[in-house]
Amino acid sequence: MVDTDVQTRPDNSFDTKWDLNKDWTPSDLSPEDGANPTLRRTIGGSSAQCGQYSSQLSSGGQCRLAATLPPVAAGALRRRCPDMFRCTDDISFWLHENQNRKEQLEELRETTSELTEELRSHRHRVKSLEVQDEEGLSSEPPLDRRLHPLESRRAEAGPLCRVHATLLRDLQAQLRNLSAAVAQLVSRSSGACAIKVVRTPTLLLAVRDTRPPDGPRLSFCPSDCASLYHSGVRRSGLYTIIPSPGNALPVYCDMETGGGGWTVFQRRHGGSVSFNRGWSAYREGFGEPQEEHWLGNRQLHLLSNQGHHSLRIDLHDWSHAHRHALYHSFRIEDEEDQYRLHVSGFSGTVADSFGWYHDQRGFSTPDTGNICAEISHAGWWFHQCFRANLNGVHYEGGRYSRTAQNLLGPDGIVWFSLKDSDFYSLKAVTMMMRPSGFRPRSSP
C-alpha cells in the first residue's frame, strides 16, 4: 500500500490525496457512491475521527478513492493516516483465485463431457460383444452333438489299431526270420555274396530286393551299418552285416546320432561286463552288441580298412552331461602289427584326450606284459599310460581313489580333459565308426 500524508488546510480542515493506481488492480473506487463508514486513528493515545471515504468501481478500470479527514489543531505535525485500504489486496487475491476456479471448473466440465462420451462408447461396444456372443452360441451345435461324431470315430479306430498292431508284430517276426535266413545263407557261401530273393513285406532289415529284370538272385550284402542306411534302414537296432565273404557279423547300428549310419564297436554302461580281459578275448570280441561289448579287434580291422572311416566317441558323466569327440580319419592295422591305431582330424564338444596322445600306439592287454595294461585292468592303445582309457573299470558314482581300491594307478573309464582327473570314471561310453564320406538322406 502507498502511505498517505495528512496536510493541514487554512480552514483547519485536512485534504488527503492518494495515488492508489499502484495498489488497486481489480476494481475502481470513487467518491460518488458507496458506503461511508467512519474510520478512526489514534493520535497521541487519543481516539479521533480519521475521516470518511467512498468507493465505486468505475468503467475505466482505475481505482478512485476520496477521504475527508476531520480538522486537527493548528500547528500540529504532519502525521500518517492508517493504512485503511489494506483489504484491497485480499480482494484482488480472491478475485484472481475466483477466476482460476472458474477456469478449472470449465476444464472439469469439458473432461466430464469427454469421459461421459467415452463411457457411452464403451457401453455400446460391450453391448455389441454381448450380441455377437449370443449369436455365436446360438449358431454352434450343442456339446453333445459335437462329441457324438468324435466318439463314433474313436470306436471305429479301435479295431483298426488292434489290426495294425497284429500286422506289425507279424511283420517284425517275418523280418527277424528273414535276417536269420540271410545270415545262414551267407555263412554257407564261400564265394561272392549271392542270396536268393525272398518275397517279404516292404521293410527289410538286412537286404533289399535289387535283382535285375532277368535274374532271380540278389547281389547286395550290407558290409556295415552305413550300407544298411543307404538301403533304406532308418531304425537303430541289431543287424547282421557281411564285412567279408562268409563272415556274417551281428552289430548294433545307430541310425539316429549325427545323421545315422554308425557301426557301434564298443559300448559301456552299468558295469555288467568286465573289460579286464586278455589278448584273445579282445581279438574275437565279447559281450552283447545291444548291451556292453567290444566288437573285436579282428572285425574292427576288417571294417576300418574298407575305405576311409570316421570315429565318433560319446561320453556321459554322472551329472548327466553329454559330450562327444569326432575324428575324421580312423583305422587299425592287423594283428601282426598289434592292431596299431591311426586316428586324426579331431573336432567335438570336449577337449581331445585320445587322438593326439594315443595315435600310432599298438594295442595291449594285461596278459601281454604291458605294465600300463596291468595297472589299468583293461585292453587299450596305451602310451605311458593314458590320457583316455575307455575300457577301464566302471566305478559307480564316478569318483574313486587309489588308496580306497589298493591300486597302483588309475584304472577307471577315463577321459582326462573332461574332469581334469584320472580318478573320475565315466558313467557311459560309446565308440562307433562309419565311412568318412557318409551323407545322411531323407527317409524314404
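From most to least packed by mean Cβ count within 10 Å, the peptides 261-267, 103-109, 349-355 give 261-267, 349-355, 103-109.
Highest average first, the peptides 298-310, 320-332 ordered by how many other beta carbon atoms sit within 10 Å of their residues are 298-310, 320-332. Dimensions of segment 243-298 from C-alpha coordinates, computed as largest minus smallest value along each principal axis and given longest first, are 34, 33, 13 Å. The accessible area of Trp356, taken with all protein chains in place and a 1.4 Å probe, comes to roughly 150 Å². Cβ-Cβ distance of Leu238 and Leu147, R₀ of 30 Å, FRET efficiency by 1/(1 + (r/R0)^6): the value works out to about 0.10. Spatial offset of segment 104-125 relative to segment 383-441 amounts to 78 Å, using the alpha carbon center of each.
The values are calculated or read from the model by the stated rules, or taken from the named source; none is laboratory data. This one's a predicted model, so the numbers in the text were calculated from it and none came from an experiment. Heads up, the Cβs are rebuilt from the backbone with ideal geometry, glycines too, and the neighbour counts pull from every protein chain shown. The area values use the complete protein model at the heavy-atom level, side chains included, leaving out ligands, DNA and RNA. Shrake-Rupley method; radii C 1.70, N 1.55, O 1.52, S 1.80 Å.
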